[in-house]
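Take a look at the structure below.
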Amino acid sequence: MAAELVEAMNMVKSFRVSDLQTLLASMGRSKSGLKQDLVGRALRLVQTEYSPELLKNVRQLYESRFPKASGWLAARRPEGVPVAYSSLSSSPTGTQGADYLSSIPKLSSTPAAEVKLVSLPFYQTLETLLPPTELIAQNSEKLQDSQCVFELTQSQADQVRNSTELRPGMKAIQVVLRICYTDSIGVQEDQYPPNIAVKVNQSYCHVPGYYPSNKPGVEPRRPCRPVNITPWLHLSTATNRVTVTWGNFGKRYSVAVYLVRVFTSAELFSQLKHCSVESAERCRERIQDKLRFDPESEIATTGLRVSLICPLVKMRIGVPCRVLTCAHLQCFDAIFFLQMNEKKPTWTCPVCDKQAPFELLTIDGLASEILKETHEDIEEIEYLTDGSWRPIRDEKERDRERERSNTPDYPVVDICVPEVNGHSPAHSSTSQTGKSGAGSTAGGAGGGVVVDLTLDSEEEEEGGGAGGDSDDTEDSQDSPAPKRGRYDYDKDLVTAY
């Protein structure tokens, strides 16, 4: 009887909201409220009004959700629950709370079989405090709690306490928690389970969140990296307890704790600069091999263009870097690449999107020499078949040079000089003020006449009237004004060449 009651309660805990509402409605109970209210109401119903009819309804609902489950919940019974289990209603409330706190399952002391975590460039493992140990689901609930316990030696605690700070609140020596899939095949990368939460000594610690995605239709991705639990530890020989809350959705996970040294991007760049530099001679041999003539190929490659602009930041490359396993000769900036992977570890080549682990990065010696020899305006070069190179000038600059070379030289003509225009100063007698005498005198004395071509017909008529005789003025009043041509100035006034 007691065993069947425990099994029925475990089945009720695995029900969905619709199953809980169906069960409560069949027994004449209210089916409104949140899921946690419905679960509590259904558990009290099972405890207080246990009957064969209720047991049959619970079993039918469970088998409708899990059709492959045979019999009762024997396969899903928690390992720590005995068969002869007394009713929960007979236990005092305080005893139930104490039992719940003490019932958080501890991780099995047996490590996961041959689970190996991938080595990380920014973390150097000093000691293993807890080997990879599998997270065991204790019941059919989707949210599980697993606890692991470890202790620091006095030397380890002193090493963490006396380490330098990379930045405020972040020490160079840390204790980190790593989680991965439980798989003995190959090397496993860090992988968080769903709904993860980490509590260290009854205090929740920070777990990296999701990266926002700028692309439409792409879900945000969570960076799976080691969790720093150092600030919440007892830096002594006292016992440290870590509780991992995780979602049980069919996949198996393992957890491990390490004492590590953390590197910065500047320290990794120093290692790269001292340990992995490809000489210029070796780079030339690589270019010659790539451009060597192939008699079986119908297309002969005579050169390869390479940009001096980093594809990551769209700026001129400072330290050219490549991946040894990539087929292209295009480089990217090593400093920016390491800084970006320090914040968001992807370790993929920005040129071809292939894997670019730190161990395969190398600095291109030939590209370094080219960057020193070329001017900053040069953004592209071309490698030739003999291993040499030549700069590729910008198309706009080449167009400007072509225009300058093809433009003929014409003499500059000053239209203000009468002799150049082919006219005497007498023809240019009209000035801006309308005084022809003063204009001609100034033109004869200074050797040039300023002619205003924007004068309209009214201004010219006024100017002509002011300089003429009174008889001419009377005749002009009687006779109609002469018709003017298309332009407002005399045809022979100025001739521009």
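Structure values in brief
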quantity: Using a Förster distance of 51 Å, the FRET efficiency for VAL277-SER30 (Cβ separation, nearest 0.05); calculated: 0.10
quantity: Estimated distance in nm for a label pair at LYS343 and ARG241, the labels positioned 7 Å out from Cα along Cα-to-Cβ; calculated: 3.9 nm
quantity: Among PRO391, ASN341, VAL313 - extreme Cα towards positive end, dipole of the stretch 267-395, charges at beta-carbon; calculated: ASN341
quantity: Exceeding the 29 Å Cα-Cα cut-off - candidates LYS35/LYS344; LYS273/LYS344; LYS13/LYS251; LYS142/LYS343; LYS13/LYS343; LYS13/LYS199; calculated: LYS35/LYS344; LYS142/LYS343; LYS13/LYS343
quantity: Point-to-point label distance, GLU373-ARG316, nm (Cα→Cβ direction, 7 Å offset); calculated: 1.6 nm
quantity: Near-label residues of the stretch 276-292 by backbone N, under 18 Å of a point 7 Å along Cα→Cβ of GLN124; calculated: 276
quantity: Cα coordinate range in the stretch 1-65, projected on the principal axes (Å, largest first); calculated: 30, 24, 18
quantity: Mean Cβ count within 10 Å, highest first, over the residues of peptides 275-287, 370-382; calculated: 275-287, 370-382
quantity: Convex hull of Cα atoms in the stretch 139-261, direction-averaged projection (nm²); calculated: 10.0 nm²
quantity: PHE249-ARG292 FRET efficiency (beta carbon distance; Förster radius 60 Å; 0.05 resolution); calculated: 0.65
quantity: Computed over the stretch 267-395: relative contact order in percent, which uses C-alpha pairs under 8 Å that are six or more apart; calculated: 34 percent
quantity: Inter-site label distance for TYR211 and CYS224 at 7 Å from Cα along Cβ, in nm; calculated: 1.4 nm
quantity: Length gained when the stretch ARG305-ALA172 is fully extended (0.36 nm per residue, less Cα-Cα span); calculated: 43.6 nm
quantity: For the stretch 267-395, convex hull volume per residue from C-alpha positions, Å³; calculated: 120 Å³
quantity: Share of carbon and sulfur in the accessible heavy-atom surface of the stretch 267-395 [1.4 Å probe, %]; calculated: 50 percent
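The values are calculated or read from the model by the stated rules, or taken from the named source; none is laboratory data. Computed from a prediction, not measured in an experiment: that's the story for all the values here. Note that each Cβ is placed from the backbone with ideal geometry, even for glycine, and that neighbours are counted across all protein chains shown. Side chains are part of the model used for accessible areas, which takes the heavy atoms of the whole protein and leaves out ligands, DNA and RNA. Shrake-Rupley method; radii C 1.70, N 1.55, O 1.52, S 1.80 Å.
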